[in-house]
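Below you'll find the structure, written out as structure tokens, and then a few comments.
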Amino acid sequence: QPHQVEFPTLPHTWQIATTLPQISATTFQTASYAELIDHPVETGIIEFLDFEAQGIPHRIALSGIYPDFDRARFLADIQKICETELAMFPSPAPFTEYFFLLHLGDNLYGGLEHIS
């Protein structure tokens, strides 16, 4: 069954970072529960960084606590990694976009891979 997620009362400075199919600024719809749970969501004060690797749009959502850094170098390094990884697998890639959620802070560890 379809599932709908709404974020109607977020603070005005917050953003939503997700690959959930969007039907309005704060409402998202999935075709099934399985699709819903395979789309992580981050809400808060988020900085977005964008680049392409092998013609595929990639986006990084940064949140948490982190010092200023060289964004151009970071993006160039990540782009090289993604280009190398994509070259290791058959073409075309099984996705049309790629989204990283990067929550930063002291003593944070872990990560998950999702279909979208």
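The values are calculated or read from the model by the stated rules, or taken from the named source; none is laboratory data. Given the structure is predicted, the values throughout are model-derived calculations rather than measurements. Please note: Cβ atoms are built from the backbone with ideal geometry, for glycine as well, and neighbour counts cover all protein chains shown.
Per-residue answers, yes or no, for (1) free of Cβ contacts under 8 Å to residues at least 60 places away in the same chain; (2) closer than 21 Å to residue 21 by Cα:
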site: 33; (1), (2): yes, yes
site: 39; (1), (2): no, yes
site: 48; (1), (2): yes, yes
site: 54; (1), (2): yes, no
site: 61; (1), (2): yes, yes
site: 70; (1), (2): yes, no
site: 82; (1), (2): yes, no
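Residue count for region 1-28 satisfying the condition of being in contact with a His (Cβ under 7 Å, 6 or more places away or on another chain) and not in a loop (DSSP other than H, G, I, E, B): 1.
Of 72, 76, which residue is loosely packed, with under 10 Cβ neighbours inside 10 Å, modelled with pLDDT of 95 or more and in a helix (DSSP H, G or I)? Can you show your working first?
Working: 76 fails: loosely packed, with under 10 Cβ neighbours inside 10 Å.
Matching residue, one of 72, 76: 72.
Among the residues making up region 29-47, those that are surrounded by 14 or more Cβ atoms within 10 Å (Cβ to Cβ) and assigned to a loop (DSSP other than H, G, I, E, B) are 38, 39, 40, 46.
Return the residues of region 48-69 that are surrounded by 11 or more Cβ atoms within 10 Å (Cβ to Cβ) and over 19 Å from residue 112 (Cβ atoms); say none if nothing qualifies.
Step one: filter region 48-69 for residues surrounded by 11 or more Cβ atoms within 10 Å (Cβ to Cβ), giving 48-49, 51-54, 56-64, 66.
Selection gives 48, 49, 51, 52, 53, 54, 56, 57, 66.
Which of the residues belonging to region 79-103 are within 17 Å of the chain's Cα centre (by Cα) and closer than 30 Å to residue 67 by Cα? Once the filter is applied, which keeps residues that are within 17 Å of the chain's Cα centre (by Cα) and closer than 30 Å to residue 67 by Cα, region 79-103 yields 79, 81, 82, 97, 98, 99, 100, 101, 102, 103.
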